[in-house]
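Asks: My structure is below; once you've seen it, I'll send some questions.
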Amino acid sequence: MPQVDTHRRLFPAARRLAKLALVRWDLWKHRAEPAVQTWKPVLAGAYSGHIVVPSRAISSSREEAADFAAHGLVAEGDRVLDVGAGNGRQAIGLIEMGVAEYVGLDIIPGSVEWGNRAFSRFPGVRFTLLDVKNAMYNPHGTVAPENVVFPFPDASFDFSVAGSLYTHLERMEVAARYVAETARVLRPGGTAYMSFFASPPNPLDTGAVRSVFSREEILAAVRKHFTVEHEANGTTTGFHDQWRLYLRKSVA
């Protein structure tokens, strides 16, 4: 048993070191690019959560922010909640767009600490810890995920983004709770983006690495609180092919 435990510790550590080396290489390769120089302080140095390649992170964040805006989900001056924010990659495109407030909510203490340090020069940006138990990201969390309550008052935000969050929540009961809490903290008519691994075409899976829920269950949870205005992707079993839902909070 000790040998197995050692292997489990070393293999993720080796992968992390490889990713950090890739980050250094990418920063050197793109050192002359203004965008990389601007965002280097928030993309280099994070050791918790997902470690991202800076040049790719910048371009994908900008593309996603533009996509959200094109679908009428977010605009300059909005208050934004990023559920499952990680180290804050999603903030880049939204900050450049001119949102008034960006709050990153995450269950990894190291990511929250890093985000608050890395984005400290942006007064409208902050990260908040949600100490929820999750087999993959926070096994020692103190809050049962099905009882989660976001630490914000009702109607605090205009837009919420949750990319690659529901793909790790393990149970539909938990996913439904996150959907409900997202709706609660959005203003009437507020908007949201959520992505899922859906069945079909994927087989159902309750694992934290790749949680897959049935389309019927997803829509049942979402439509209690939102109108689906647009959907995309999620039609193959490709590892990154998530079902993307563009939502607007229903007005009672």
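The values are calculated or read from the model by the stated rules, or taken from the named source; none is laboratory data. Remember, predicted model here, so these are calculated numbers, not experimental data. Positions of Cβ are backbone-derived with ideal geometry, glycine not excepted, and every protein chain shown enters the neighbour counts. All accessible areas refer to the heavy atoms of the entire protein, side chains included, with ligands and DNA or RNA removed. Shrake-Rupley method; radii C 1.70, N 1.55, O 1.52, S 1.80 Å.
Asks: Among the residues of the range 174-211 satisfying the criterion of being free of Cβ contacts under 8 Å to residues at least 24 places away in the same chain and surrounded by 15 or more Cβ atoms within 10 Å (Cβ to Cβ), which is farthest from Gly84 (Cα to Cα)?
Replies: Top of the filtered list is Ser199.
Asks: With the requirement that a residue be more than 15 Å from Met194 (Cα to Cα), out of contact with any Ser or Thr (no Cβ under 6 Å at 6 or more places or on another chain) and open to solvent by less than 60 Å² (accessible area, probe 1.4 Å), what does the range 140-173 give you?
Replies: Across the range 140-173, the qualifying residues are Gly141, Val143, Ala144, Pro145, Glu146, Val148, Phe150, Phe152, Ala155, Ser156, Phe157.
Asks: Being of a type outside the set (Ser, Thr, Tyr), closer than 28 Å to Ala144 by Cβ and over 20 Å from the mean Cα position of the chain (by Cα) narrows it down to one residue among Lys224, Lys249; which is it? Write out each step before concluding.
Replies: On the way: Lys249 fails: over 20 Å from the mean Cα position of the chain (by Cα).
Among Lys224, Lys249, only Lys224 is of a type outside the set (Ser, Thr, Tyr), closer than 28 Å to Ala144 by Cβ and over 20 Å from the mean Cα position of the chain (by Cα).
Asks: So, one more: Suppose we filter the range 216-252 for residues that are open to solvent by 80 Å² or more (accessible area, probe 1.4 Å) and aliphatic (A, V, I, L, M); how many remain?
Replies: 2
Asks: Go through the range 181-237 and give me each residue that's closer than 24 Å to Tyr137 by Cα, in a strand (DSSP E or B) and among the charged types (D, E, K, R).
Replies: Listed by number, the list holds a single entry, Asp205.
Asks: What number goes with the only condition from (1) under 17 Å from Gly84 (Cα atoms); (2) in contact with a strand residue (DSSP E or B) (Cβ under 7 Å, 6 or more places away or on another chain) that His240 does not pass?
Replies: Checking His240 against (1) under 17 Å from Gly84 (Cα atoms); (2) in contact with a strand residue (DSSP E or B) (Cβ under 7 Å, 6 or more places away or on another chain), the one that fails is (2).
Asks: Within the range 225-245, which residues are out of contact with any Asp or Glu (no Cβ under 8 Å at 6 or more places or on another chain), in contact (Cβ under 8 Å) with a residue 40 or more places away in the chain and not charged (D, E, K, R)?
Replies: Across the range 225-245, the qualifying residues are His225, Phe226, His230, Gln242.
Asks: Moving on. Among the residues of the range 118-126, is any free of Cβ contacts under 8 Å to residues at least 60 places away in the same chain, polar (S, T, N, Q) and either outside any strand (DSSP E or B) or open to solvent by less than 20 Å² (accessible area, probe 1.4 Å) (or both)?
Replies: yes
Asks: Checking the conditions here, which among Glu33, Glu101, Glu96 is modelled with pLDDT of 95 or more, of a type outside the set (A, V, I, L, M) and either open to solvent by 70 Å² or more (accessible area, probe 1.4 Å) or under 22 Å from Arg244 (Cβ atoms) (or both)? Break it down stepwise before answering.
Replies: Working: Glu33 fails: modelled with pLDDT of 95 or more; Glu101 fails: either open to solvent by 70 Å² or more (accessible area, probe 1.4 Å) or under 22 Å from Arg244 (Cβ atoms) (or both).
The unique qualifying residue is Glu96.
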